[in-house]
Amino acid sequence: MTHSEDAPVTADAALWASDTTTPLTRAERLELLDATRLYVCTNAREERGDLREFLAAAYAGGVGIVQLRDKGMEAGAEIERVMVLADVAREQGMMFSVNDRADVAALTGADVLHLGQGDLSTTQARALLGPDVLIGRSTRSLSQINEANQDPGIDYFCVGPVWETPTKPGRAAVGLDLLGYAAAVAKKPWFAIGGIDAQRLPQVVEAGAERVVVVRAVTEAEDPAAAARELLAGF
């Protein structure tokens, strides 16, 4: 099913769309998560007007999960853009992620909901989404890593920002040592995040990370597919 990026989408339309698209099973989602090495976060690319084209290129380059994260958007506009992401992800046989908003994740049939430390608890998110949607959690300390690692409702966690990044203004970098700790204790998939690009990737891999989340390294590239392939070649 294809939706115009410019057409307004009501909540009822979103529910209808998610109901008529066969969702991945939890087992299928976990298999895709395990295989994912590169996870990309993007805004809605309103200034470029190329969201669908960008998403198709990112997935073609080997990105396993794409998350739409655009803090300035109201829920209706976010649902509209996430439905574009859902279409492309389904076309590519890959997963898509929603940031923070369990309601948006439910309405769009998201594969993944990613939560920060101040967002819903795992129990709250599961009450809204059920058992099949994957849930991730951001961590930036030893205790947060331990909590996410032990929480049976969390399917993966992210560690960072490894370096300071403009996408998280004011957030202090956690450095590479925390990645080493995560690598030593992790019982589930985890991703390094924050200021990572092709030049810094070798340091991240040496510290023990096997998966990364990036933003600008792919979203600002002239050729997103080539940028994704370059990053994947670093593992």
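The values are calculated or read from the model by the stated rules, or taken from the named source; none is laboratory data. As the structure is a prediction and not an experimental result, all values here were calculated from the model. All Cβ positions, even for glycine, are placed from backbone atoms using ideal geometry, and neighbour counts span all protein chains on display. Ligands, DNA and RNA are excluded from the accessible area calculation, which covers all protein heavy atoms including side chains. Shrake-Rupley method; radii C 1.70, N 1.55, O 1.52, S 1.80 Å.
Quick check on packing: order 62-70, 105-113 by the mean number of other C-beta atoms within 10 Å, highest mean leading.
Working: 62-70: 22.2, 105-113: 24.7.
Order by mean packing, descending: 105-113, 62-70.
Extent of region 37-80 along its three principal axes (Cα atoms, max minus min coordinate, largest first): 30, 19, 14 Å.
Please list the three semi-axes, largest first and in whole Å, of the ellipsoid equivalent to region 162-227, using sqrt of 5 times the eigenvalues of its alpha carbon gyration tensor.
Working: eigenvalues 88, 43, 19 Å².
Largest first, region 162-227 gives 21, 15, 10 Å.
Below 8 Å between Cα atoms, with a sequence gap of 6+, how large is the relative contact order for region 90-140 in percent?
Details: 65 pairs, mean separation 17.9, N = 51.
Relative CO of region 90-140 lands at 35 percent.
Taking the Cα atoms of region 120-235, the ratio Rg/Rh between the radius of gyration and the Kirkwood radius comes to 0.99. Rounded to the nearest 10 degrees, the inclination of helix 11-20 to the longest alpha-carbon principal axis of the chain is 80 degrees.
How large is the Kirkwood hydrodynamic radius of region 58-151, in angstrom, based on all distinct alpha carbon pairs? Display every interim value, and only then the final one.
Details: mean 1/r = 0.0720 Å⁻¹.
Computed over region 58-151, the radius equals 13.9 Å.
When both region 26-73 and region 107-178 are represented by their alpha-carbon centers, they are found 17 Å apart.
How much accessible area per residue does the chain have, counting only protein heavy atoms and a probe of 1.4 Å, in square angstrom? Each step should come with its number before you reach the end.
On the way: 10510 Å² over 235 residues.
Value returned for the chain: 45 Å² of accessible area per residue.
Think of region 181-235 as a dipole: +1 on every Lys or Arg Cβ, -1 on every Asp or Glu Cβ, centred on the Cα centre; then among VAL218, ALA186, GLN203, ALA186 lies furthest on the positive end.
Using the eigenvalues of the Cα gyration tensor, what equivalent ellipsoid semi-axes result for region 49-109 when each is taken as the square root of five times the eigenvalue, whole Å, largest first? Let's see the in-between values first.
Numbers: eigenvalues 71, 30, 18 Å².
Semi-axes, largest first: 19, 12, 10 Å.
Among the listed values [x] 49; [y] 64; [z] 57, the one matching percent of Cα pairs over 22 Å apart as calculated from this structure is [x]. Summary value for the chain: 20 percent relative contact order, contacts being C-alpha pairs under 8 angstrom separated by 6+ residues.
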